[in-house]
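Okay, structure first, notes after.
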Amino acid sequence: MRQLEGVWKRLVLILAISLTIFHLLTGIFGSLPCLQQRAVHVGLAISLVFILCPARKTKYRISNVPWWDLLCMILILGSASYIYFNFLRFMPFLASPPNSLELVLAGLTAILMLEASRRTIGWTFPILVSLFVAYTMWGHYIPGRWGHGYVSPVLVLEYLYFSGEGIWGFITGISARYLALFLIFGSFLLTTGGGKTLVDLASFLAGRFRGGPAKVAVFASGFFAMLSGSAIANVATTGAFTIPMMKKLGYKPEFAGGVEAVASCAGQLTPPVMGATAFIMAELVGITYLRVMIAAIIPSFLFYLSTFMGVHFQAVKLNLKPIPREELPSLKNIIKYSKVLCLVLPIATLLYTLLNGYSLALVGSSACLVALVTYLFCEPFWHRIKDKLLSMPNHLESAGKAIVAVVPIIVCANIVVYLIGMTGLAPKFSFLITQLAGGYFLLSLIVTAILVMLLGCSMPMAPAYIITVTVAAPILISWQIAPIAAHYFIIYYAMLAGITPPVCGVIYVASHLAESNWLRTAWTAIKLAPLLYIIPFLLIYDNTFIMIGQPWVILVNVMSAAVGVVVLASGTMGQLVTKCKIYESLVLVAAGVLLLIPGWQTDLLGGFLAVSILAKQLRQWKKEV
């Protein structure tokens with residue numbers, strides 16, 4: 001991002017604060033009509049992209065905004081304003097055909113949206129959108145199944161810009177109504193000291209044990225994940241603290257980076273504040289966000305247990321030391337009422353309003369307001385309140401900036417979904433998946449997983465999920481799978497692309513912080529998180545893992561799976577009581593997988609294999625002692 005000064009810095013401050021306050025006000029008092037709400041959301045966010053993000057990345061400090069970026073900002077604000085003031089004409093659709101000037105405005109807006117996404121996430125996604133546009137325009141020349149009827153370019157622009165289906169579609173609406181508020185909430189908690197409190201709490205809880213720094217990374221990333229909803233943000237924030245600490249106490253750079261990457265990866269699906277994908281999923285499946293959140297509890301618990309135990313067994317294997325006691329934060333400083341209130345009250349407000357069925361907009365806005373009020377008045381001294389009031393514009397600005405990176409991705413994903421629907425491409429891809437799988441259920445799952453990960457390698461999790469779910473979810477649901485399980489299957493593999501080579505954005509960030517070889521870092525992460533690759537299949541084959549079923553059945557399956565997670569982590573890290581031989585590791589991996597599979601037969605077999613290796617190693621350990 002540009003490091004701006006003077007008038008440009010003040011302009012960013014005004015736009016970012018305006019974006020934050022707009023969402024807080026509409027969250028409390030009710031949203032505007034959908035096109036107006038989305039126009040303000042997109043207009044302010046995209047204009048900030050052109051001010052903050054230069055057209056080319058450079059190692060030099062950029063402190064000015066060129067005239068063409070200023071022109072782009074003006075065009076976007078003008079385009080959004082045109083929709084805002086003429087929304088009645090476009091609801092439900094055009095009362096009269098657009099004139100030439102309106103069509104030019106529609107085309108320019110679409111191009112600027114692609115350019116904004118290029119500046120925030122790179123070339124891949126804009127190229128993909130451009131390919132879909134080309135297919136829409138000229139797909140009628142393709143013979144056979146993959147062709148489609150002629151679509152007028154004017155019609156494409158009309159629906160793209162002048163309706164609630166393209167740029168201003170329902171996915172953009174999710175961002176404008178709900179997601180922005182939760183991003184603001186996470187930003188408020190982190191910038192007002194909640195992030196540091198979470199890291200200190202993780203250090204106090206886990207730092208005193210063997211392998212303390214890596215366990216702190218797991219705890220801190222797990223806590224932070226509940227607020228940020230972003231794997232890369234999680235790595236960048238907690239990794240800046242945990243990775244140097246791990247290296248200082250003897251961890252290899254690849255292991256330090258791998259631990260932080262994998263611990264941060266599941267942050268996008270860790271309750272209560274999950275990533276953008278969870279909100280989109282709730283809308284697509286037609287369920288509440290609360291139900292989406294509840295379904296993620298068991299998978300998140302199993303994942304973090306797996307990562308924690310993987311770190312523990314590696315620490316035992318390498319005889320790694322805890323954090324020195326003098327470097328640990330004191331409990332007295334952590335539990336100061338000012339720190340505790342600033343963290344606990346906002347989260348408690350969020351959970352209370354969510355569990356009592358309030359609208360997501362009211363849930364997010366009320367949690368944001370409680371976070372701000374608690375921060376201002378938790379220390380009842382006028383000089384402290386005055387200092388915090390003076391810093392409030394910075395917190396509001398940071399919250400607005402937190403929204404900026406998400407909006408171009410959401411808008412472009414909405415364009416792709418719109419084009420897929422217009423050209424009838426979804427059933428064609430569904431047919432391709434069915435053909436590749438040969439009508440076999442398991443192969444359908446594998447082909448879908450590969451498709452999601454290929455898309456996830458080239459774009460963020462949310463658009464990868466949106467595009468894949470459009471074409472693959474109907475196939476999975478046709479096998480009588482619960483819709484929420486089918487969607488979670490796709491979401492998890494979209495998330496896994498972040499740590500899976502060859503293109504793994506989360507690994508790259510962690511590797512950069514650790515100054516390690518990225519490929520070895522990725523391999524370490526995969527060894528630490530084999531469960532992540534298994535969880536999606538568990539959700540499909542047994543719905544108890546997403547809280548569907550009798551409570552006692554859910555409890556039994558979770559207890560069995562928890563034991564399986566520990567055994568699997570032991571096998572993949574090659575350590576139980578003593579260092580494992582190769583065949584022992586393989587047996588433990590097999591035992592862990594069997595324990596994860598629901599059913600008393602597999603549990604008995606897995607338990608027998610695990611106990612056999614444990615007994616053998618105990619006998620060996622007693623002889624050595």
Filtering the range 401-449 for residues that are charged (D, E, K, R) and not in a helix (DSSP H, G or I) leaves a count of 0
**Asked** Just to be sure, is Tyr337 of a type in the set (Ser, Thr, Tyr) and in contact (Cβ under 8 Å) with a residue 40 or more places away in the chain?
**Response** yes
If we keep only residues of the range 94-143 that are among the small types (Gly, Ala, Ser) and surrounded by fewer than 18 Cβ atoms within 10 Å (Cβ to Cβ), then the residue farthest from Ser163 (Cα to Cα) is Gly122
Result of the Cβ filter at 9 Å on the range 79-101, keeping first residues that are within 19 Å of Leu155 (Cα to Cα) and partners that are modelled with pLDDT under 80 and not in a helix (DSSP H, G or I), at least 6 apart or interchain, is Arg89/Ala95; Arg89/Ser96
For the range 348-359, indicate whether the set of residues that are buried (at least 21 other Cβ atoms within 10 Å of the Cβ) and either of a type in the set (S, T, N, Q) or within 22 Å of Val589 (Cα to Cα) (or both) is non-empty. no
Picked from the range 427-475 (must be closer than 15 Å to Cys412 by Cα and of a type in the set (Val, Ile, Thr)), the residue surrounded by the most Cβ atoms within 10 Å (Cβ to Cβ) is Ile466
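Conditions tested, residue by residue: (1) within 23 Å of the chain's Cα centre (by Cα); (2) modelled with pLDDT of 95 or more.
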position	(1), (2)
Trp8	no, no
Ile17	no, yes
Gly27	yes, no
Cys34	no, no
Val40	no, yes
Ile51	no, no
Pro54	no, no
When Thr423 is run through (1) touching a His at 6+ places or on another chain (Cβ under 6 Å); (2) crowded, with 22+ Cβ neighbours inside 10 Å, the failure sits at (2)
One residue is enough: does the range 506-528 have a residue meeting the conditions within 11 Å of Ala231 (Cβ to Cβ), surrounded by fewer than 24 Cβ atoms within 10 Å (Cβ to Cβ) and either touching a strand residue (DSSP E or B) at 6+ places or on another chain (Cβ under 8 Å) or not hydroxyl-bearing (Ser, Thr, Tyr) (or both)? yes
Would the range 159-171 turn up any residue that is over 29 Å from Ser18 (Cβ atoms) and part of a helix (DSSP H, G or I)?
yes
Of the residues in the range 493-550 that are in a loop (DSSP other than H, G, I, E, B), among the aliphatic types (A, V, I, L, M) and within 19 Å of the chain's Cα centre (by Cα), the one that is modelled with the highest pLDDT is Ile499
Is it true that some residue in the range 377-386 is of a type in the set (A, V, I, L, M) and over 18 Å from Ala348 (Cα atoms)?
yes
Exercise. Report whether or not Leu609 is crowded, with 16+ Cβ neighbours inside 10 Å and touching an Asp or Glu at 6+ places or on another chain (Cβ under 9 Å).
Key: no
Over the range 562-582, the set of residues of a type outside the set (A, V, I, L, M) and more than 17 Å from Arg619 (Cα to Cα) is Gly564, Ser570, Gly571, Thr572, Gly574
Checked the range 1-48 for anything of a type in the set (Lys, Arg) and surrounded by fewer than 18 Cβ atoms within 10 Å (Cβ to Cβ); matches are Arg2, Lys9, Arg10
Screening Leu588, Leu532 for residues that are buried (at least 18 other Cβ atoms within 10 Å of the Cβ), in contact (Cβ under 8 Å) with a residue 24 or more places away in the chain, under 30 Å from Ala233 (Cβ atoms) and not acidic (Asp, Glu) leaves only Leu532
If you go through Ser187, Ser203, the only one that is under 17 Å from Ala233 (Cα atoms) and either in a helix (DSSP H, G or I) or touching a strand residue (DSSP E or B) at 6+ places or on another chain (Cβ under 7 Å) (or both) is Ser187
Only one of (1) crowded, with 22+ Cβ neighbours inside 10 Å; (2) modelled with pLDDT of 75 or more does not apply to Gly211, and that is (2)
Leu318 vs (1) closer than 25 Å to Leu531 by Cβ; (2) modelled with pLDDT under 80; (3) surrounded by 18 or more Cβ atoms within 10 Å (Cβ to Cβ): all pass except (3)
message: Based on this model, can you work out whether Ile323 counts as in contact with an Asp or Glu (Cβ under 6 Å, 6 or more places away or on another chain), touching a residue at least 60 places away in the same chain (Cβ under 8 Å) and of a type in the set (Val, Ile, Thr)?
response: no
task = Test Ser560 against the stated conditions and say whether it is of a type in the set (Ser, Thr, Tyr), more than 20 Å from the chain's Cα centre (by Cα), crowded, with 20+ Cβ neighbours inside 10 Å and at pLDDT 90 or above.
result = yes
In the range 238-274, residues that are outside any helix (DSSP H, G or I) and under 30 Å from Leu290 (Cα atoms) total 5
Ile297 vs (1) closer than 30 Å to Gly574 by Cα; (2) modelled with pLDDT under 90; (3) surrounded by fewer than 23 Cβ atoms within 10 Å (Cβ to Cβ); (4) not acidic (Asp, Glu): all pass except (2)
Being among the aliphatic types (A, V, I, L, M), part of a helix (DSSP H, G or I) and in contact with a Gly (Cβ under 7 Å, 6 or more places away or on another chain) narrows Leu594, Leu614, Leu618, Leu555 down to just Leu594
Here the qualifying pairs (Cβ atoms under 7 Å; residues six or more apart or on different chains; first in the range 118-145 and among the aromatic types (Phe, Trp, Tyr); second outside any helix (DSSP H, G or I)) come out as Phe125/Met459
Residue pairs within 6 Å by beta carbon, gap of at least six or interchain, first lying in the range 356-384 and farther than 18 Å from Leu290 by Cβ, second crowded, with 21+ Cβ neighbours inside 10 Å and of a type in the set (Ser, Thr, Tyr), listed first then second, are Tyr375/Thr192
When the range 161-187 is checked residue by residue, the ones that are surrounded by fewer than 24 Cβ atoms within 10 Å (Cβ to Cβ) and polar (S, T, N, Q) are Ser163
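The values are calculated or read from the model by the stated rules, or taken from the named source; none is laboratory data. Given the structure is predicted, the values throughout are model-derived calculations rather than measurements. Cβ: placed from backbone, ideal geometry, glycine included. Neighbour counts: every protein chain shown.
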